[in-house]
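Structure record follows, encoded as structure tokens.
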Amino acid sequence: MTTVGRDIADLELTDGELWLDGPPHEVFRQMRSGCPIHWTESFEWFPDEPGFWSVTRADDVHTVSRDWRTYSSERGGVLVAAAGFPIELARAMFIGMDPPKHDRLKALFQAGFTPKRIAAHEDAIRAIVTNVLDRLEGRESCDLVSDVAQPAVARVIGSFMGLAPEEDEMWANLMNAIVGAGDPDATPEGAQVVMEREVPQVFERCGRLIAERRETPTDDLTSVLVHAEIDGERLEDHEIVMGFFLLMAAGNDSTKATYCSGMRALMENPEERRKVIEDPSLVASAVEEALRMFPAFAHFARTATHDTELHGQSIREGEKLVMWYPSSNRDETRYEDPDRFDVNRNPEHQAFGAGGRHFCLGTALARLELRILIEETLARFPDMEIADTPKYVESPFANQLKTLPVRLRGSSPG
């Protein structure tokens with residue numbers, strides 16, 4: 001473990017070595033017990049960025065999430081490093097806004113993501129998933145990330161946004177490069193090249209969609225963005241593009257990440273998998289446990305609007321606070337044996353945020369997709385086995401596997 005012989009107070013939490021195999025859970029455990037509000041002075045990836053506070057316990061993440069007057073999403077950007085995603089772009093998305101503009105803009109999206117409206121898509125989503133699994137017919141092995149999760153989630157969000165199926169792979173590649181910027185496989189030329197090349201591509205391609213929807217309105221979410229009004233005014237083009245980007249990035253990465261990590265946990269815990277197979281009603285609980293243990297995005301950030309105090313630690317105006325969900329979701333004060341995958345736990349968690357105005361818009365869609373993906377995968381391949389060591393995206397933001405090689409029919413039922 002990287003922390004051996006090192007003072008946890010002096011640790012650079014964004015050190016790339018800590019994230020080679022996913023979130024540094026042992027580091028977070030040490031922080032929760034000895035330094036729950038932890039200061040990182042500077043970091044290697046973005047040396048010009050100021051330091052930040054890490055918030056690692058569930059109650060403190062809850063506090064920061066809900067007090068937007070003290071902890072702003074707009075002031076300093078929503079990621080640990082503003083340079084990782086330009087703040088001007090972040091502020092064009094409602095996750096990078098504070099009320100009242102945040103509330104008005106988010107309300108435009110909420111009409112398309114009500115639980116009732118999402119539930120109406122269950123048959124269509126199940127058809128997408130079964131079609132993807134049908135492509136594995138006759139194969140002995142596959143990569144669960146690229147062969148199942150990626151094409152399934154890309155088609156689901158693509159159908160919501162009104163994109164043609166033949167565009168799914170292109171958009172997925174763009175989102176993977178931007179969200180996984182810094183990973184040597186996703187972005188071998190470096191994060192800065194992604195900002196200079198892929199982000200302009202999103203604007204260019206989305207600009208053509210905007211023009212098409214203005215000319216010929218449809219009932220998809222892209223058209224909703226194009227024709228939406230706030231206080232009698234239409235959204236500006238850059239706001240539409242960033243709304244489109246936010247929905248595409250979340251739809252592409254969040255469900256893919258949690259499904260793959262959840263399936264890995266079921267394969268690594270065959271007794272838990274057996275419970276779910278024998279009692280399919282446990283799938284919903286298994287989904288919540290996967291969300292708790294493997295939140296798709298490792299953090300979001302806020303900036304203090306005035307001098308304050310959190311968990312006994314003085315915070316100065318302008319300092320950034322980073323909420324680490326892989327840590328808060330394994331907080332020992334909230335969960336018994338938090339590192340154990342338990343399909344009967346059915347926990348509350350902070351995978352979708354910790355409440356407040358920025359609670360995830362797509363929770364109903366994510367839960368439905370995850371339930372269908374796990375149901376259909378287990379029904380088709382109940383004894384699937386891990387074939388080789390999975391690899392993580394190397395990122396302190398995108399908490400997801402980039403490979404998960406599996407044998408579709410294991411040597412014995414799990």
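The values are calculated or read from the model by the stated rules, or taken from the named source; none is laboratory data. Bear in mind the structure is a predicted one, so any value in this text is a computation, not a measurement. Neighbour counts are summed over all protein chains in view; Cβ atoms, including those assigned to glycine, are modelled from backbone coordinates with ideal geometry. Heavy atoms of the whole protein, side chains included, go into the accessibility calculation; ligands, DNA and RNA do not. Shrake-Rupley method; radii C 1.70, N 1.55, O 1.52, S 1.80 Å.
Output the number of residues of the stretch 215-231 satisfying the condition of being touching a helix residue (DSSP H, G or I) at 6+ places or on another chain (Cβ under 8 Å) and either farther than 16 Å from LEU105 by Cβ or polar (S, T, N, Q) (or both). First the steps, then the outcome.
Looking only at the stretch 215-231, we keep the residues that are touching a helix residue (DSSP H, G or I) at 6+ places or on another chain (Cβ under 8 Å), and these are 217, 220-228, 230-231.
Next cut, either farther than 16 Å from LEU105 by Cβ or polar (S, T, N, Q) (or both) only: 217, 220, 222-223.
Residues in the stretch 215-231 being touching a helix residue (DSSP H, G or I) at 6+ places or on another chain (Cβ under 8 Å) and either farther than 16 Å from LEU105 by Cβ or polar (S, T, N, Q) (or both): 4 in total.
For the structure I just gave you, tell me whether ARG57 is open to solvent by 30 Å² or more (accessible area, probe 1.4 Å), within 28 Å of SER261 (Cα to Cα) and in contact (Cβ under 8 Å) with a residue 24 or more places away in the chain.
Values: open to solvent by 30 Å² or more (accessible area, probe 1.4 Å): yes; within 28 Å of SER261 (Cα to Cα): yes; in contact (Cβ under 8 Å) with a residue 24 or more places away in the chain: yes.
Considered against the rule, which asks whether it is open to solvent by 30 Å² or more (accessible area, probe 1.4 Å), within 28 Å of SER261 (Cα to Cα) and in contact (Cβ under 8 Å) with a residue 24 or more places away in the chain, ARG57 comes out as yes.
In the stretch 351-380, how many are surrounded by fewer than 21 Cβ atoms within 10 Å (Cβ to Cβ) and under 21 Å from ARG407 (Cα atoms)?
5
Restricted to the stretch 127-158, and to residues that are in contact (Cβ under 8 Å) with a residue 40 or more places away in the chain and assigned to a loop (DSSP other than H, G, I, E, B), which residue is nearest to ARG407 (Cα to Cα)?
If we take residues in the stretch 127-158 being in contact (Cβ under 8 Å) with a residue 40 or more places away in the chain and assigned to a loop (DSSP other than H, G, I, E, B), then GLU140 is nearest to ARG407 (Cα to Cα).
What number of residues in the stretch 31-52 are under 27 Å from PRO347 (Cα atoms) and either among the small types (Gly, Ala, Ser) or surrounded by 19 or more Cβ atoms within 10 Å (Cβ to Cβ) (or both)? Give the steps one after another, and end with the answer.
Start the filter on the stretch 31-52 by keeping residues that are under 27 Å from PRO347 (Cα atoms), which leaves 31-38.
Going one step further and asking which of them are either among the small types (Gly, Ala, Ser) or surrounded by 19 or more Cβ atoms within 10 Å (Cβ to Cβ) (or both), we end up with 31-34, 36-38.
Summing the residues that are under 27 Å from PRO347 (Cα atoms) and either among the small types (Gly, Ala, Ser) or surrounded by 19 or more Cβ atoms within 10 Å (Cβ to Cβ) (or both) in the stretch 31-52 gives 7.
Taking ARG292 as the residue in question, decide whether it is over 26 Å from LYS106 (Cα atoms) and among the basic types (Lys, Arg).
Against the criterion (over 26 Å from LYS106 (Cα atoms) and among the basic types (Lys, Arg)), ARG292 does not qualify.
I need a count of the residues in the stretch 182-231 that are open to solvent by 60 Å² or more (accessible area, probe 1.4 Å), closer than 17 Å to GLY16 by Cβ and free of Cβ contacts under 8 Å to residues at least 60 places away in the same chain.
3
Hey, does the stretch 162-179 have a residue that's more than 20 Å from GLY251 (Cβ to Cβ) and among the polar types (S, T, N, Q)? Break it down stepwise before answering.
The initial filter retains those residues of the stretch 162-179 that are more than 20 Å from GLY251 (Cβ to Cβ), namely none.
No, the stretch 162-179 contains no residue that is more than 20 Å from GLY251 (Cβ to Cβ) and among the polar types (S, T, N, Q).
Of everything in the stretch 280-309 that's buried (at least 21 other Cβ atoms within 10 Å of the Cβ) and among the small types (Gly, Ala, Ser), which residue is farthest from ASP331 (Cα to Cα)?
ALA304
For the stretch 358-414, how many residues meet the condition of being among the β-branched types (Val, Ile, Thr), closer than 30 Å to GLU17 by Cβ and under 14 Å from the mean Cα position of the chain (by Cα)?
Step one: filter the stretch 358-414 for residues among the β-branched types (Val, Ile, Thr), giving 363, 372, 374, 377, 386, 389, 393, 403, 406.
Narrowing further to those that are closer than 30 Å to GLU17 by Cβ: 386, 389, 393, 403, 406.
Now restrict to residues that are under 14 Å from the mean Cα position of the chain (by Cα): 393.
Qualifying residue count for the region: 1.
Got a number for residues in the stretch 274-317 being over 29 Å from THR70 (Cβ atoms) and of a type in the set (Lys, Arg)? Spell out how you get there, then give the answer.
If we filter the stretch 274-317 for residues that are over 29 Å from THR70 (Cβ atoms), which is where we start, we get 274-290, 293-294.
Checking which are of a type in the set (Lys, Arg) leaves us with 274-275.
Going through the stretch 274-317 one residue at a time, the tally reaches 2.
Return only the number of the condition from (1) open to solvent by 50 Å² or more (accessible area, probe 1.4 Å); (2) in contact with a helix residue (DSSP H, G or I) (Cβ under 6 Å, 6 or more places away or on another chain); (3) assigned to a loop (DSSP other than H, G, I, E, B); (4) not aromatic (Phe, Trp, Tyr) that PRO347 does not satisfy.
(1)
If a residue has to be among the charged types (D, E, K, R) and either surrounded by 19 or more Cβ atoms within 10 Å (Cβ to Cβ) or within 15 Å of PHE94 (Cα to Cα) (or both) to count, how many in the stretch 61-78 make the cut?
Keep residues of the stretch 61-78 that are among the charged types (D, E, K, R), which gives 66-67, 69, 74-75.
Subset that is either surrounded by 19 or more Cβ atoms within 10 Å (Cβ to Cβ) or within 15 Å of PHE94 (Cα to Cα) (or both): 74-75.
Adding up the residues that qualify gives 2.
State whether the residues of the stretch 42-50 include one that is at pLDDT 95 or above, under 24 Å from GLU317 (Cα atoms) and outside any helix (DSSP H, G or I). Can you show your working first?
The initial filter retains those residues of the stretch 42-50 that are at pLDDT 95 or above, namely none.
Within the stretch 42-50, none of the residues are at pLDDT 95 or above, under 24 Å from GLU317 (Cα atoms) and outside any helix (DSSP H, G or I).
Within the stretch 316-328, can you find the residues that are part of a strand (DSSP E or B) and in contact with a His (Cβ under 9 Å, 6 or more places away or on another chain)? So that I can check it myself, show each step before the final result.
If we filter the stretch 316-328 for residues that are part of a strand (DSSP E or B), which is where we start, we get 320-324.
Once the filter is applied, which keeps residues that are part of a strand (DSSP E or B) and in contact with a His (Cβ under 9 Å, 6 or more places away or on another chain), the stretch 316-328 yields VAL322, MET323, TRP324.
Kindly indicate the residue of the stretch 310-330 that is within 26 Å of the chain's Cα centre (by Cα) and charged (D, E, K, R) and also surrounded by the fewest Cβ atoms within 10 Å (Cβ to Cβ) among those meeting that condition.
Result: GLU319.
From the set of residues in the stretch 162-175 that are part of a helix (DSSP H, G or I) and either in contact with a Ser or Thr (Cβ under 6 Å, 6 or more places away or on another chain) or open to solvent by less than 40 Å² (accessible area, probe 1.4 Å) (or both), which is farthest from ALA398 (Cα to Cα)?
Out of the qualifying residues, it is ASP168.
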